[in-house]
Amino acid sequence: MTHHEPSGLIGQSIKREGDRKLVTGRGRFVDDLNPPGTVHVAFVRSPYAHADIVSVDVQAAMEAPGVVTVVTGAELGDWMNPTPITEPLLPNRPLVRHSLVSDRVRYAGDAIAAVIADSATTAADAAELVEVEYRELDAVTTAEAAMADDAPIVHDGWENNMAYHLHAGAGDVDAAFENATHSVSLRLVLPRVASVYIEPKAVLATWDEIEERMTVWASIQTPHGFRTQISAALDLPEHHIRVIAPDVGGAFGTKGRHVPDYLFAAAASKKLRRPVKWIEDRSEYFHIANQARDQVQYIDAAVDEDGTLQGIRVRVYVNLGAYNAAGHGGRTLIMSGGAYRTPNLVTDVYGVMTNTTPTGPYRGAGRPEAAYMVERLIEEIARVTGIDSIELRRRNFIQPDAFPYRAPTGVTYDSGDYERALDIALEHLDLTAERKRVETLRSEGKLAGIGVAVFVEPSGGGWDSAEVRVSPSGSVTVSVGVSPHGQGTDVAIRQLVAEQLGLPIEQVDLRASDTDTTPQGIGTFGSRSLSIGGGAAVVAATQVARKIRAMAEAMLETSADDVELAEATARVIGAPDRSVPFKRIAAAAHGMGKMPGGLEPGLDETSFFTVDGNQFPFGVHIAIVVIDPETGRLTVDRFIGVDDCGTVVNPRMVEGQVIGGLAQGFGQALWEEIVFDNDGQLITGSLMDYAVPHADQLPTFELDHTETPSPLTPHGAKGVGEAGTTGAPPALVNAALDALRPLGVTHIDMPLTSEKIW
């Protein structure tokens, strides 16, 4: 990745110190923790997608050696409370989630009973002895089928299967279509995918009977939020609960929401007065872990003769699965205009319950779906009008002087320069030369094409916290409410704080992911860790720096405005010989004597930083693909990515995040798909059936970036964690269609498997 020269610590590619323990096998994951007396949970799960539970016989399992107890859904009320689904639903749509169900299963994987035994193997073997009698019911597996009048109703008491209907828009869309020169329509199907984190979900709960206190280690993204859920489930005050997220082996949004299995482990520990552990196995993962995408999109555009967008009409059906009613479809709604000026737009998103594994956020959470929809539309407009697709984009871009830009969906984009990012991407590509090469490949009997995608997505949002504490010796500890688990934000936040205080990064330590030692926070998801969590750290560090300057004002007999913090000193600007070491100031702030300047003792500050709205990173991705017409095999010849995440704090971390996202974006576009049969049985239930990309299937990515700082964050940073998953799929599909166009192919849905292309 090319980048600008750094200024101070900001912009430096500092390595993650914590990587050494991970690559040498010394990480500390939940399954590495085994306190004395630990018992293990295995769940009995339904093989049916929709069925009434007639009876559950646990006698044989209870008598198995090593079994502590067996719990059924009918008994669960004595152990814990159900969890209400908090997403906004249509009226008269009651929805709660039980860790064990007692009356009806609603997807193949619903938990009916839990076996608790002295080992994981014993628990799993005993779970096979539980006999359940079912009365199978008709199932519905797709969102459109679930909207039919005669569809089976997933939840009792609901009039139909629609959980929510979201609407946004502006202008006169009907008039735009009446007056348009061209009308363009697409129906797009985004398949369901899985995040396939390397570490399965894992939880260890321990109840201290003497202290009446619960400690839970969990592979999770949101420790404070999980603590609140435990409090509600067990009727425990939050100050009696401690949640720790140790090393987390991948999460991608799938470990950020309500996990009924985790809550059951906590309830079991309190009930049995013993440590309780549950580790998800890979087969179980494919059946129960939140899946993602799974949308059917209808999008129409009204276009003038010169290609100017006059109107867009969107209708989206989101398959929510059996329980979550997750609102990631709202992100698709607000981004349905993409990077383009669209004066007239109306979007309707329908969230629909089905008898499938629940869906939820996964790297991008509604933004990749929107970018795919919009960028496929742009290419279709180019095909219909005969206008070059790159020129078409230039004509319709939101211009740099239009920011902050109020989109017709109601959100405000903070800053952007989409054409500049496109220009830099094309500098890497040499479009004229590549188009000639594509023609040459075609003349040789191969199919080759170039695909472009321009995307913009919301990041950040909400609030988060940070506390900066300076010790008497001058060491600095930053405690944050976000919970890093591999993104590199732990290093980047230290860079931000060290920069504010004029210190080497080695003098700053970071604490996270433990509710006992960090301020209340929201957590890590939605590309918000550095923009919001880092923003909180910058604000807190700025407050500490202000106090240091005030102390230096008294110690150096100068004005605080003339004091700069650099090289671990507070010094007079232009007179570096007039300085006082940072350590001396720290000691004075904690001494028994009178504080310099009559200030209060200490150098500790806490910030709860919030923004009104989101930051909007963006990028341009370009793919060049070659297809073998004999086999349908697609090879990505080149892939160029230019991303803009505002101020780049650590280019190495940005590059890593982009590459990781691209790998998952490639997987969605080319290979991955969760498949159910008509009865709701999972077909792709293992890594033998679900095609996760391998490193040797990916090209060498050619990456660059622009920097358009956000005016909403104190450091100008936006998110970047989801850029690759957002930009890669439309670029790859557009390239494939460009390659197939000489054969008259104008549409293909992901994944672009060899069989489908052939």
Potential extension, THR69-ASP604 segment - 0.36 nm per residue separation minus Cα distance = 187.7 nm
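Normalised by the residues of region 236-324, what does the relative contact order come to in percent, with Cα pairs under 8 Å and at least six apart?
Worked out over region 236-324, it gives 18 percent.
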inquiry  = With a 1.4 Å probe and all protein chains kept in place, how much accessible area does ILE522 have, in Å² rounded to the nearest 10?
reply    = 60
remark   = Summing +1 per Lys or Arg and -1 per Asp or Glu among the other residues with Cβ less than 11 Å from THR713's Cβ gives +1
message = Heavy atoms only, 1.4 Å probe, whole protein assembly: order HIS328, HIS240, HIS747 by accessible area, highest first.
response = HIS747, HIS240, HIS328
task = Sum up the charges of everything whose Cβ sits under 13 Å from the Cβ of ASP562, counting Lys and Arg as +1 and Asp and Glu as -1, but leave ASP562 out.
result = -1
inquiry  = Which lysines, if any, have their Cα less than 27 Å from the Cα of LYS255, not counting same-chain residues under 8 positions apart?
reply    = LYS15, LYS21, LYS201, LYS270, LYS271, LYS277, LYS718
query = Counting only protein chains, not ligands or nucleic acids, how are SER231, SER754 ordered by accessible area (probe 1.4 Å), most first?
reply = SER754, SER231
key: Sequence of ASP514, ASP401 when ordered by accessible area, the most exposed leading, probe 1.4 angstrom   = ASP401, ASP514
query = Accessible area per residue of region 647-758 at 1.4 Å probe, in Å²?
reply = 37
message = Just to confirm the filter: which GluC sites (Glu not before Pro) across region 402-486 are DSSP coil and have at most 11 other Cβ within 10 angstrom of their Cβ?
response = GLU444
ask   = When the accessible area of the chain is split by element with a 1.4 Å probe, what percent falls to carbon and sulfur?
value = 48
query = Which entry in [x] 16, 46, 31, 7, 0; [y] 14, 28, 22, 17, 12, 7, 1; [z] 16, 51, 29, 4, 0 is this structure's computed P(r) over Cα pairs in 20 Å bins from 0, in percent?
reply = [x]
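Suppose a student asked you for the relative contact order of the chain, using Cα pairs under 8 Å spaced at least 6 residues apart; what percent would you report?
Worked out over the chain, it gives 15 percent.
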ask   = Per-residue accessible area for GLU506 at 1.4 Å probe radius, Å² rounded to 10?
value = 140
inquiry  = Sort 534-546, 296-308, 651-663 by the packing proxy (mean of other Cβ within 10 Å over each peptide's residues), most packed first.
reply    = 534-546, 651-663, 296-308
query = In whole Å, what is the distance between the alpha-carbon centres of region 118-160 and region 325-372?
reply = 26
ask   = Any idea what the relative contact order of region 660-756 is, in percent, if you count C-alpha pairs under 8 Å spaced at least 6 apart?
value = 42
message = With θ taken as phi - 60° and the coefficients 6.51, -1.76 and 1.60, list the Karplus ³J(HN,Hα) couplings across region 266-283 in order, rounded to whole Hz; mark glycine and proline as x.
response = 5, 5, 5, 5, 5, 6, 8, 6, 9, x, 10, 10, 9, 10, 5, 8, 5, 5
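The values are calculated or read from the model by the stated rules, or taken from the named source; none is laboratory data. All figures in this text were calculated on a predicted structure; none of them were measured in a lab. FYI the Cβ positions are ideal-geometry reconstructions off the backbone, even for glycines, and counts take in every protein chain you see. Side chains included, ligands, DNA and RNA excluded: accessible areas come from the protein's heavy atoms. Shrake-Rupley method; radii C 1.70, N 1.55, O 1.52, S 1.80 Å.
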